[in-house]
Every structure is written in structure tokens, then in C-alpha cells.
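Student: Could you have a look at this structure, given as C-alpha cells, before my questions?
We did not get these values from a lab; they are worked out from the coordinates using the rules stated. Fair warning: this is a prediction, and the values are worked out from it, not measured in the lab. Cβ placement follows ideal geometry from the backbone for every residue including glycine, while neighbour counts extend to all protein chains displayed.
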């Protein structure tokens, strides 16, 4: 993504933030991405001038990993600059070990390093939060562009899915810097919800939900983390409810599909001791409550959330026992 040179006229951080956000709200994703890339340049420049006296990055232990992010992939003006973080890979859901998250190691600073031999810049918590915000917004504009590109195809198998996941990497990187970034958590969850909506299932049947269910479960996990990090994130509440509706619509209305092992693991974690079918219904109630919160936080004017709220009532009616 090459930034528009005109965007570099502004050297004011709030102006670039407002510019990017305005483009994002109007769904001009490429322009929003250019503005955020310009903001990233400006922040790195300021960090470089200010320097840092933070302690050096800790040595890696056997269970940690080091990720080096080439900032030049976001802006040609940042070629030669890298951002290094150290993290530990942990399961996002117990019982489903193939779904993992990057957890930053304790007391380890992120490090900016230039290729010109200058001393590395160790980032304090404030700078990490700033970079997390920018990387999350760059990541979401990338994902949104991919979704627009593939919308006409409806199904994102093959290269579409790979491209969407590659585009979401800055969202993961944002969370490595700031794990409780509710905005990044919510939009990463929405990325996986979009992938789930795009799977046709096996043998071209919507009723065989292996890939779809896995993506929905990942979406639910990240969206729950988002609402835990910020209980007033109405967008996360709404999309959590929508993800549950999607699970029931595409993976099984009345009964938990036997193929959805990760879904079963999630239900057992959320509702321990409950029979699976009852836990499935409790998940719908949880979604309904979350959608109510989303509407309350927006003054009961959130038509998108109201549609999914109505869907939860339909599902409750479908599994309700017949009246005597």
C-alpha cells in the first residue's frame, strides 16, 4: 500500500487520525489506509527524535518467539525500520489447541530498530498503545478492501481466504503490543466472522460446517475478549450476537453439530455441566443479551443489531417446547 503523497502535508497527529477515521466511516478503505500509514510514519519519526531510556529487551526463553515486523510494508518512507516483539503462543481455547493467540511476555519492551546503525528505540506502554491503535486500523482497512474485492464471489475459498488472513496480520500485531485493545479484538473477531459467512461447507452443503464452525468459534472468542476489555464497545456486543446467530443459522439450528469440536469446547467452557443442546440455547440467550446491550449503548437506534436480535427470538421459538 503506497501512501498518497498529499497526505504527508499534515504534520498534526489528530488531523491524520480524523482524516483516516472519516475515510473509514465512508468506506473509502484505501484512502483510510493511506492516512493511517502517514500517521505511522509520523509516530515513528517522533519516537526516533525522542529516543527512549527503557531497559533493553529481555532474552528469549525456550517457549517464546520473536516477531520482526517490517514497517516498510505499510509505508515506503519506513523502509529499513523494523518493530520487534517477543511473545508466547498460547491456546485461545482450551481443548482446541490449533487455535492460538500471541501473548506478549512479561516485562519485555517492543523495540524499533533502523537499518542505519542507530541505537534501537525501546517503546514504553504509551508508545506501544499508540502503535497498536495504528496497526489495528491499518489491518482493518486491509481486510475491508479484501472483503469488497471478493464480495461479488460470495465464497472465499482458496486464495480469498489466504488473502484475508494475510491482510489481518496487522490486527494480530496490534494485539501483541496491546492485548486489551478492544477495537483490534472486535475487528479481528469480525474478520473471522466474515470468513465463516463465506465458507460453503463440504460437499457444497451449508449443513456440513467444519471450516465455517471453526471460524465462527474464533470470532466468538475474540469478540468476547473485546467486550471484556471494554464493556461499552457496542460494536463488539452487536457483532458477538451476530456471530452466534451465524453459528446457529449455518452450523445447526436446534442441535450442536457433532463435527464442531471447537464449538463443543467453547460451550463446555462457557456453560460447564450443561447438556450440549441446552448450552447451545444458553449461547443464544447470551447473544440476545449482548445485542440488547448494543442497542442500549446506542440509544436503541441500531437497526443492524435489531435485525440480529430478532433472529435470536426466532431461534428461541424454534426450539421452544410446544404449548399445552
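Student: If you stretched the chain out fully between residue 148 and residue 276, how much longer would it get, using 0.36 nm times the residue separation minus the C-alpha to C-alpha distance?
Tutor: Length difference between fully extended and current span is 42.4 nm.
Student: Continuing with this model, one more query. Within 10 Å of each residue's Cβ, count the other Cβ atoms and sort 99, 314, 69 from fewest upward.
Tutor: Least to most surrounded, the residues fall as 314, 99, 69.
Student: 7 Å from Cα along Cα→Cβ at both residue 73 and residue 166: what's the point-to-point distance in nm?
Tutor: Label at residue 73, label at residue 166, 0.9 nm between them.
Student: Just want the ordering: 96, 262, from fewest to most Cβ atoms lying within 10 Å of their own Cβ.
Tutor: The fewest-first ordering by Cβ neighbours comes to 96, 262.
Student: Quick one: length gained pulling residue 255 to residue 89 fully straight, 0.36 nm per residue minus the C-alpha distance?
Tutor: 56.5 nm
Student: Give me the percent relative contact order of region 223-316, please, defined on Cα pairs under 8 angstrom at least 6 residues apart.
Tutor: Result for region 223-316 is 36 percent.
Student: Given the Cα-Cα distance of residue 27 and residue 65 and 0.36 nm per residue of separation, how much length would full extension add, in nm?
Tutor: Here the answer is 10.1 nm.
Student: For region 64-123, what relative contact order do you get, as a whole percent, if you take Cα pairs closer than 8 Å and at least 6 residues apart?
Tutor: 28
Student: Still on this structure, I have one more. With each pseudo-label sitting 7 Å past Cα toward Cβ, what's the residue 15-residue 210 distance in nm, one decimal?
Tutor: 5.5
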